[in-house]
1. Where Lys and Arg each count +1 and Asp and Glu each count -1, what net charge lies around residue 137 among other residues with Cβ under 13 Å from its Cβ?
2. Provide the convex hull volume over Cα atoms per residue for region 230-269, in Å³.
3. Using Cα atoms only, what is the angle between the long axis of helix 222-234 and the major principal axis of the chain, expressed in degrees (0 to 90) to the nearest 10?
4. Hey, what D do you get for the chain in µm²/s if you plug the Kirkwood alpha-carbon radius into Stokes-Einstein at 20 °C and 1.002 mPa s?
5. Using 7 Å Cα-to-Cβ label points, what is the residue 189/residue 90 separation (nm, one decimal)?
6. To the nearest 10 degrees, how steep is helix 98-108 against the longest Cα principal axis of the chain, on a 0 to 90 scale?
7. Rounded to two decimals, what is Rg over Rh for region 1-135 when you use alpha-carbon atoms and the Kirkwood radius?
8. For region 144-265, what's the radius of gyration and Dmax over Cα atoms, in angstrom?
Amino acid sequence: MKILGIETSCDETAVSIIEATGDIMSPSFKILGDALYSQAKTHAKFGGVFPSLAKREHAKNLAPLLEKVLTDSGMNKNGKTEFDERKLKHILEREPGLFETLSQILNKFERPDIDAIAVTAGPGLEPALWVGINFARALGIAWNIPVLPSNHMEGHIASVLLSSQNKVNFPALALLISGGHTELVLIKNWLDYEVIGKTKDDAVGEAFDKVARILSLPYPGGPHISKLAEQARSESIIPKIKFPRPMLKTPDFDFSFSGLKTSVLYSAKKLEEISDQDKKEFALEFENAVTEVLVEKTRKALEEYSAKTLIIGGGVVANKFIRKSFEELVSKYSDTGLFLPELSHSTDNSLMIAVAGYLNWLSGKRGETIFEAKGNLSL
Ligand code: KG4
Ligand code: ZN
């Protein structure tokens with residue numbers, strides 16, 4: 001079946017079309033169209049994501065991105081989709097300009113050969129989520145197809161299924177590391193999740209972003225820290241500073257990163273000026289500290305639950321050092337496979353939302369006509 005995926009939970013507006021085949025144990029996906037607009041530069045001057053601005057940007061970009069994926073996938077057949085104007089206007093009444101841009105597309109193209117729409121319902125910024133949900137509902141009505149609410153974090157887990165014939169063996173363990181979440185999730189089966197550990201304060205990505213800010217690096221800071229740390233390693237720099245490894249030895253599977261961030265802040269404050277050399281050292285020591293904790297907690301969980309597959313998802317898995325460290329960890333376990341999303345599918349995207357939609361479809365879910373944005377939706 002063909003699924004249109006829509007993602008607007010944070011500062012990425014994304015629309016894509018996938019063709020999904022296979023059963024729940026061996027699903028397979030082909031990308032027919034994928035369009036993404038990152039608002040990161042718009043938010044950079046505020047040092048973080050500004051929800052009302054994100055909402056406005058999503059409303060502006062959704063229809064052009066939809067037109068792009070319809071065109072890229074060859075589904076832009078000239079014609080007209082008949083739709084109930086009053087109904088669509090009503091659904092989109094809180095999304096300025098969206099009715100106009102969407103109706104232009106409906107008036108230009110025939111109804112495409114798409115079977116369902118999957119849209120992020122949470123977690124995320126509620127004003128941002130609502131735009132995507134209302135857009136999806138309006139399209140679902142115009143095209144007369146079901147709309148499946150997807151959980152963004154399930155999407156990050158499902159993103160590994162895009163890569164190849166990744167066959168997940170259960171029980172599986174997922175480490176989710178993004179800007180808003182840090183969780184260890186036991187996956188007994190698809191759609192059967194148990195969060196066994198999570199952060200007590202900052203998420204990993206959030207810590208990367210805050211440390212970047214301390215070092216006067218632009219938002220989002222993860223990639224900048226990662227680049228500096230990589231440089232430091234290639235220059236064989238040994239950090240003179242030492243940062244803590246919070247909760248490394250606690251018997252649970254929880255995390256805490258705010259103390260680590262504070263420790264970076266204090267060390268930075270002690271210096272009159274942070275030189276480029278200092279920045280490299282800080283970035284390296286910070287990345288080492290974070291990675292050590294993530295790897296150790298995950299190792300313990302792998303052993304405790306005898307997990308057969310380890311999945312890592314969320315924007316921070318774009319970090320090359322973290323990827324390499326987990327490859328090294330899993331190489332010690334002959335019975336455990338490691339699935340990482342491709343670099344391009346690591347940060348937020350709508351392909352993973354469509355994949356999560358397919359898993360839900362295969363589990364018997366057939367879409368909902370009315371549902372809400374849930375900022376704190378959990379797995
Ligand atoms: O999953 P994601 O795109 O959005 C959320 O759902 O939060 O994750 C974004 C987070 C940001 O905090 C960003 O700094 C971090 O992922 N990130 C990285 C890297 N690339 C993105 N962190 C460390 N190293 C990277 N290379
Ligand atoms: Zn995300």
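Coordinate-derived values only; no laboratory data. Quick caveat: nothing in here was measured; it's all calculated off a predicted structure. Cβ: placed from backbone, ideal geometry, glycine included. Neighbour counts: every protein chain shown.
1. Summing Lys/Arg as +1 and Asp/Glu as -1 gives -2.
2. Each residue corresponds to 103 Å³ of Cα convex hull volume.
3. 40
4. Numbers: Rh = 21.5 Å.
My calculation gives 100 µm²/s for D.
5. Rounded to a tenth, the inter-label distance reads 4.0 nm.
6. On a 0 to 90 degree scale, this one is about 50.
7. Values: Rg = 15.4 Å, Rh = 15.6 Å.
Over the Cα atoms of region 1-135, Rg/Rh equals 0.99.
8. Values for region 144-265 (Cα only, Rg and Dmax): 17.6, 62 Å.
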